[in-house]
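Notes for the one structure printed next.
The values are calculated or read from the model by the stated rules, or taken from the named source; none is laboratory data. Owing to the predicted nature of the structure, the values given are computational and were not obtained by experimental measurement. Positions of Cβ are generated from backbone atoms using ideal geometry, with glycine treated the same way; all protein chains shown enter the neighbour counts. SASA here: full protein model, heavy atoms, side chains in, ligands and nucleic acids out. Shrake-Rupley method; radii C 1.70, N 1.55, O 1.52, S 1.80 Å.
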Amino acid sequence: MDMISAKYAQAFARYNRWQNASLMAAADQLSEAQRQHNAGAFFGSILGTLSHILWGDSAWMNRLTQTPFTPTPIDESGRLWSDWSAYKLARVAMDERIIEWAHSVDDSFFKNDLTYITAKGIQVTKPLDLIVMHIFNHQTHHRGQAHCLLTQFGAKTNDTDILIYRENT
């Protein structure tokens, strides 16, 4: 049984862009100190959490497109972007890269496996359909953490439900 399709990847790539734009707009309401305040999340702060998501997306897009890269250790992933403006530019560019990638694959792509080196230096082979589901699930998981941190600082956030997104597109 096939788990996902190119349409699935395309839909989630667009949803991902919508949600990232929403979180950046909410974080724009805060001061730099608030965005970088260590609130005890997995990656410390709002910016640390968003930085980790972008780190993960970068690693996966490089693996999926067979672009040579050396992954930064996961423990450093929350500190890759300390400048808010630079982060936002990198996030927008990555969202477009994910959308372009999603439109470049067809359903047969998801029937294959991918062998890659993890951030801990371990070589593994996993089914591509599972990897792509993981990428979008990883984004959603950590965006939920960022959303919680944003609301703790009083930032106005938007809906996150994919059902609402689908109704408005």
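List the residues whose amide H sits under 5 Å from the amide H of ASP113, counting only those 5 or more places along or on another chain, with H placed 1.01 Å from N in the peptide plane.
So ASP113 has HN proximity to LEU128.
Just to check I understand the Karplus step: with θ = phi - 60° and J = 6.51 cos²θ - 1.76 cosθ + 1.60, what whole-Hz values come out for region 134-147, glycine and proline as x?
3J(HN,Hα) across region 134-147, in whole Hz: 4, 4, 6, 5, 4, 4, 4, 4, 6, 5, x, 5, 4, 4.
Mind running the shape call on region 65-169? Use the C-alpha gyration tensor, a ≥ b ≥ c as the square roots of the eigenvalues: rounded below 1.5 for a/c, prolate if a/b tops b/c, oblate otherwise.
In terms of gyration-tensor shape, oblate.
Using the heavy atoms of the protein chains and a 1.4 angstrom probe, tell me the accessible area per residue for region 1-52 in square angstrom.
Ligands and nucleic acids excluded, the result is 45 Å² per residue.
Accessible area of the chain with a 1.4 Å probe: how many percent of it is carbon plus sulfur? Please list the in-between numbers first.
Working: 4730 of 8910 Å².
Heavy-atom surface of the chain belonging to carbon and sulfur, 1.4 Å probe: 53 percent.
From largest accessible area down, sort SER77, SER58; use a 1.4 Å probe on the protein chains.
On the way: SER77 0, SER58 30 Å².
Largest accessible area first, the list is SER58, SER77.
Hey, what do the phi angles of region 14-31 turn into as Karplus ³J(HN,Hα) couplings, whole Hz, using 6.51/-1.76/1.60 and θ = phi - 60°, x for Gly and Pro?
Result, rounded to whole Hz: 5, 4, 4, 4, 4, 5, 5, 4, 5, 5, 5, 5, 5, 5, 4, 6, 9, 7.
Tilt of helix 84-104 relative to the longest C-alpha principal axis of the chain, in degrees (0 to 90, nearest 10)?
20
Please go through region 93-152 and write out the trypsin sites (Lys or Arg not before Pro) that DSSP classes as loop and that have at most 11 other C-beta atoms within 10 Å.
Working: sites: ARG97, LYS111, LYS120, ARG143; in loops: LYS120.
Sites meeting the loop and neighbour criteria: LYS120.
Tell me the accessible surface of TRP18 in square angstrom (1.4 angstrom probe, heavy atoms of protein chains only), to the nearest ten.
80
Give the shape of region 93-139 as rounded, prolate or oblate, defined through the alpha-carbon gyration tensor: a ≥ b ≥ c are the square roots of its eigenvalues, a/c under 1.5 means rounded, and otherwise the shape is prolate if a/b is larger than b/c and oblate if not. Could the numbers behind the result be given before it?
Values: a/c = 2.02, a/b = 1.29, b/c = 1.57.
Oblate.
Would you work out which of SER85, PHE43, ILE131 lies farthest towards the positive end of the dipole of the chain, given +1 charges on the beta-carbon of Lys and Arg and -1 on that of Asp and Glu, about the Cα centre?
Checking the options against the dipole of the chain, the answer is PHE43.
Show which lysines lie in cross-link reach of LYS88 when reach means a straight Cα distance below 28 angstrom and same-chain residues fewer than eight apart are skipped.
LYS7, LYS120, LYS156
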